[in-house]
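One structure below.
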Amino acid sequence: MNPETIRPNESLQREWPYEPQSGFYDEMQAPDGTVRPHWRPLIEPLAQMGEAAFARRWQEGRRLIHENGTNYNIYTDPQTTERPWPLDPIPLVLDGEEWGRIEDAIVQRATLLNAILADIYGPQKLLRSGILPPDLIFPNPAFLRPCCQAPAPGGVYLHLYAADLARSADGQWWVIADRTQAPSGAGYALENRLVSARVVPDIFRAAHVQRLAMFFQKYRESLRAAAPGRKENPRIVLLTPGPYNETYFEHALLARYLGYTLVEGADLTVRDDRVFLKTLGGLLPVT
């Protein structure tokens, strides 16, 4: 099958009940009915595989999600507090050039938000000039007054940032939410990739999917750089509210993947303005 000629009505419809919906941007199908070029490495093998064969493979995916305990805790649900992670068996494919534009925009927003934090906890020019209303900052319980004028290593106040993205019907990407307070998602993205790679390894190899390892490597480096004295092997811990938190699965997964100790508040103590980890062998400094 030649991917240049793939049309949903000719190939997918033979095996898959695919029907484009009006009023929405179709990620896979172009307006002329052809499959978008960056989707072809995925669609061609799926069209050959057929829905029934892929459904058998996805049984393995559901088994992995269950065995790995991938869940999201919902405390308002009267039936159960744990819900299996709803992973879509068909991944969303983005063109490399389009992803590059999204990446540039997200870097720009993160840089701006870091500069705002640096000003709020530093000279507070935005507050003095009225660009940011003081009533928006000072009554906020998340505003940490003791951190004012405290230097941040490398000038980095925002160590992790996430944005909720959505695409409008005309194909334009929009940021609908900025998340700066310990945003979740990185661990679930990693779990999604691990499960998908197990279910359709041949497709992943053929599509040359961009790996996530570089992100986690940079994340480790940024945390190491924030350690006082720039120690070569600082003791870094990952603080979690505990197993009853909504995203505890992610906390445990990230701690294991990054090689950090997962701790709760009761596992830590402060002595002489330094944080220590409580262990059976005594107190260990957290740096």
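Spin-label point model (7 Å from Cα, Cβ direction): what's the residue 198 to residue 269 distance in nm?
In this crude label model, residue 198 to residue 269 measures out at 4.0 nm.
Taking 35 Å as R0, compute the FRET efficiency from the Cβ-Cβ separation of residue 102 and residue 145 and round it to 0.05.
Step by step, r from the Cβ atoms, then E = 0.45.
Which residues make up the longest stretch of the chain that has no chymotrypsin sites (Phe, Trp or Tyr not before Pro) in a DSSP loop with at most 10 other Cβ atoms within 10 Å?
76-243
How much length is gained if the chain between residue 166 and residue 111 is pulled fully straight, taking 0.36 nm per residue apart and subtracting their Cα-Cα distance, in nm to one decimal? Kindly include the intermediate steps, with their values, before the conclusion.
Values: separation 55, 0.36 × 55 = 19.80 nm, distance 2.09 nm.
17.7 nm is the gain from fully extending residue 166 to residue 111.
Over 5 Å intervals from 0, what percent of Cα-Cα pairs in region 225-287 sits in each interval?
The percentages, shortest bin first, are 4, 17, 24, 24, 20, 9, 2, 0.
What whole-number value in cubic angstrom gives the convex hull volume per residue for the C-alpha atoms of region 180-266?
123
Based solely on its DSSP helices, what 222 nm [θ] is calculated for the chain when runs of n ≥ 4 H residues each add -39,500 (n - 2.57) and the sum is averaged over all residues, nearest 500 deg cm²/dmol?
-11500 deg cm²/dmol
May I have the extent of the alpha carbons of region 186-237 along their three principal axes, as whole Å values ordered from largest to smallest?
Answer, in whole Å and largest first: 46, 19, 14 Å.
How high is the relative contact order of the chain? Use alpha-carbon pairs under 8 Å, at least six apart in sequence, and give a whole percent.
For the chain, the relative contact order is 15 percent.
Which percent of Cα-Cα pairs in the chain sits in each 5 Å bin, short to long?
Calculated over all Cα pairs of the chain, the distribution is 1, 4, 8, 11, 14, 14, 14, 11, 8, 6, 4, 3, 1, 0, 0 percent.
Once you place label points 7 Å from the Cα toward the Cβ at residue 125 and residue 66, how far apart are they in nm?
Going from the residue 125 label point to the residue 66 one covers 5.9 nm.
In whole Å, what are the Cα extents of region 109-261 along the three principal axes, biggest one first?
58, 48, 31
Taking the simple approach of a point 7 Å from Cα along Cα-to-Cβ for both residue 216 and residue 239, what is their distance in nm?
For the pair residue 216/residue 239, the computed spacing is 2.3 nm.
Express in nm, to one decimal, how much length is gained between residue 178 and residue 277 on full extension, taking 0.36 nm for each residue of separation and deducting their alpha carbon distance.
Using 0.36 nm per residue and subtracting the Cα-Cα distance, I get 32.4 nm.
Counting DSSP beta bridges in the chain, what percent are antiparallel, to the nearest 5? Show your work: numbers first, answer last.
Numbers: 18 of 21 bridges.
If I count the DSSP bridges inside the chain, around 85 percent turn out antiparallel.
Each value in this text was obtained by applying a stated rule to the coordinates, not by laboratory testing. None of these values were measured; they are calculated from a predicted model. Positions of Cβ are backbone-derived with ideal geometry, glycine not excepted, and every protein chain shown enters the neighbour counts.
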